[in-house]
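Here the structure is laid out as structure tokens; the discussion comes afterwards.
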Amino acid sequence: MRGRPELFTRYEADAAMLPNNTQRFWLVAGLVIALVAPLWLPRDWMILLSRAYVAAIGVIGLNLVTGYAGQVSLGHAFFIGVGAYAGAAFGGAPRDDVWGLGLDMLIWVPAAGLVAAAIGALVAPIALRLKGLYLALVTLGLVFLGEHIFREWDVLTGGAATGREPAQLLLLGYRFDLDGSVGSLMVRRELQIYWVMLVLLVIMALLAKNLVRSRVGRAFAAVRDRDIAAEVMGIDLTRTKILAFAISSFYAGVAGALLFTVTGFVNATSFNLLLSFTYIAMVVIGGAASIAGSIMGAVFLTMLPRVIDALGDVLPFFETASTGLLSTATLERILFGLLIVGFLIFEPLGLYGIWIRVRNYWKAWPFSY
Amino acid sequence: MTQFLQATVTGLSLASIYILLALGFVIIYKSMQVLSFAHPALTIAGAYLVSVLATEAGLSFWLAVPLGLVAAGVLGWLSERVFVRPMVGKPVFAIAILTIGLDIALRTPVTTLIGLQFRTMGDPWGFATWKWGDVVVQQRSGAMVITAAVVVMALFAFFRYSRVGLAMRATAFDQETALAQGINVGRIFSIAWILAGALAALAGMFASTALAGLNQSTWVIALRALPAIVIGGLDSIGGAVLGGLVIGLVEAYTATYQPQYASFLGSNFSLVMPYVVMLLVLLVRPYGLFGTEEVERV
């Protein structure tokens, strides 16, 4: 409806991914900014942002199962690990002592996701029997079991001490992880990686956004809000929960495989409880049951250490020592913990909730409602 | 046979640590339906204080331990009063995740203080052992088992006979009704966290008397006690004791026999065995062995 962007006369228009022009405009603007921003950014920021985008893919996955379907999973690190090693096995350079097929990205990215999804679907039946905190504790146990398996399964992970090489960013014969060129202009590998990760994040985010407005997404929300009521309404609980875990694990798997290539090195012990907690924190800080919030949370928490570092340079009273109680690493961890606590107490909807409040304030400005 | 007895002795001493930790989890859960992930922080904070007081400050070990327990209790009380109390009535997961944040915020400074070297507890047992036939029993194991047994009995008596214990049971049964009977439910929450903090510190202290001492990864022991409460059921004190026993013994037996009979499972499999047991128990009984099944109204 021209001139009345908030008036929907059809259900499809109401359930559209981007219901009004403002949202369409800001999505395009945001994408353009994200695409050209790295041209002026230092290289370490590019790498950090690439990591943030990859983390965002994983956070979207966790948000689907925890935020939308209401099944709290502390086992996300395990699925990320599965994806990382599956991706490396499909896409890594072949070597004598570890598996590596050296396949194309078109194959190893989805393959990593599918392997993780299959394992997620295997774990899901446990979730059908368990409720609430018991489920959270089982998924926590999964992380410890996974860590053990990664440590011991040498042909896949290269063992705990040595590790292995990640999958190659090889797309239709083009290597994104080597410096490239357009005519006489050199394109750095960091920039290429950044763009690849951004494109993948956009694809995955749009898919998720589309999923949550579909029948499946509404079934997730119904199960979260009251599973018995959902069942009475004809939602197949078994199917919905397995689907939630499988899709979430797919996202985790893709994120894991990409994370491995971006960081270049992971250890069998990288996929530990702290990683799970970090992802939970990203969901909480970004905003549960929100795709945009997932991305905000991931970018915010990934950039936080770098920002603290930068603050130390700018503010004279904020001096950071390299060791001891006031070291950057320690402060960052403490802040990380306090942020989780603070957001849960003061803003349970996370950064997304803050954004909604700011938006509503300006929508109604100068009136308060 | 000697091997079996030896494993049993080790298992019992491990079990006493797990029981102390599990009791803390269950006391908090029963009183306010909160699963506290802040336990690791309380565990090492108490143990660290004992270590500093007994070795660097030169206090007697027998004075350092009560001080450490009190300090951990106060830390638990502060955590509850400042961070968890505002969340009462919110979804259980929100509170569980909040305690994760709390744990990270509290644990990080303590691990930094512990530093890279191993800290000793200044305990009187050291490496002294008793011999019993071919079985070697470390004196610290004996101390642990006796302490755990005394603590468990004292707690049972406390819940059964004291006024506060009765109030705690009433609160666990039904908070609103307890409130209507004139019980200060808020104070019950505080007492639960103080008890849990002190128990965690005691467990942390015992866990750090071994060869490894108190180090940057000692806190994991608090999370390894989680299978114990899941097996016993989140809201059963007796279940926590049984779960702790099962986990401790299973871990010790696995450590003894798995390298011989199932070496393909890899080294240190005993550390993840409790989680395997937990998974198996939950597949059969989704609320643990003694946990109350949640009745849902539609």
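The values are calculated or read from the model by the stated rules, or taken from the named source; none is laboratory data. Since the model is a prediction, treat every value here as computed from it, not as a measurement. When we count neighbours, we look across all protein chains shown, and the Cβ atoms used for this are built from the backbone with ideal geometry, even at glycine.
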Item to check | Test: B:L98 is under 23 Å from B:V52 (Cβ atoms) and within 14 Å of another protein chain (Cβ to nearest Cβ) | outcome: no
Item to check | All positions within segment A:328-338 that are farther than 11 Å from A:D309 by Cβ and more than 7 Å from every other protein chain (Cβ to nearest Cβ) | outcome: A:L335
Checklist entry - Pick from segment B:270-285 the residues that are more than 7 Å from every other protein chain (Cβ to nearest Cβ) and in contact with a helix residue (DSSP H, G or I) (Cβ under 6 Å, 6 or more places away or on another chain): which of them is farthest from B:G239 (Cα to Cα)? => result B:S270
Checklist entry - Can you tell me which residues in segment A:214-258 are among the basic types (K, R) and touching a Leu at 6+ places or on another chain (Cβ under 7 Å)? => result A:K241
Checklist entry - Does segment A:194-207 contain any residue that is closer than 20 Å to A:L106 by Cα, touching a Pro at 6+ places or on another chain (Cβ under 7 Å) and not β-branched (V, I, T)? => result yes
Next on the checklist: Quick check on my filter: what residues within segment B:101-143 are in contact (Cβ under 8 Å) with a residue 40 or more places away in the chain and over 23 Å from B:S208 (Cα atoms)?
Outcome noted: B:G133, B:D134
Next on the checklist: Looking at B:S267 and the list (1) out of contact with any Asp or Glu (no Cβ under 6 Å at 6 or more places or on another chain); (2) crowded, with 17+ Cβ neighbours inside 10 Å, which single condition is not satisfied?
Outcome noted: (2)
Item to check | First in segment A:24-47 and free of Cβ contacts under 8 Å to residues at least 40 places away in the same chain, second anywhere and among the aliphatic types (A, V, I, L, M), Cβ under 7 Å, 6 or more apart | outcome: A:R24/A:L18; A:L27/A:L18
Checklist outcome for this item: Within segment A:103-159, the residues that are at pLDDT below 80, within 11 Å of another protein chain (Cβ to nearest Cβ), on the phi < 0 side of the Ramachandran plot and part of a helix (DSSP H, G or I) are A:I126, A:A127, A:L128, A:R129, A:D154
Next on the checklist: Tell me yes or no: at least one residue of segment B:63-70 is among the small types (G, A, S) and either closer than 21 Å to B:G213 by Cα or within 18 Å of the chain's Cα centre (by Cα) (or both).
Outcome noted: yes
Item to check | Of all residues in segment B:229-248 being among the aliphatic types (A, V, I, L, M) and within 19 Å of B:T99 (Cα to Cα), the one that is modelled with the lowest pLDDT | outcome: B:L234
Next on the checklist: As an exercise: evaluate A:L325 against (1) at pLDDT below 85; (2) in a helix (DSSP H, G or I); (3) under 25 Å from B:T111 (Cα atoms) and give the number of the one condition it does not meet.
Outcome noted: (2)
Next on the checklist: I'm trying to understand the selection: among the residues of segment B:175-214, which are touching a strand residue (DSSP E or B) at 6+ places or on another chain (Cβ under 7 Å) and polar (S, T, N, Q)?
Outcome noted: B:S208
Next on the checklist: When you check B:Q139 against the structure, is it over 24 Å from B:W77 (Cβ atoms), within 14 Å of chain A (Cβ to nearest Cβ) and not charged (D, E, K, R), yes or no?
Outcome noted: no
Next on the checklist: Would you confirm whether or not segment B:83-92 contains a residue that is surrounded by fewer than 24 Cβ atoms within 10 Å (Cβ to Cβ), at positive phi and more than 9 Å from every other protein chain (Cβ to nearest Cβ)?
Outcome noted: yes
Checklist entry - Within segment B:84-132, can you find the residues that are of a type in the set (D, E, K, R) and within 21 Å of B:F61 (Cα to Cα)? => result B:R119, B:D123
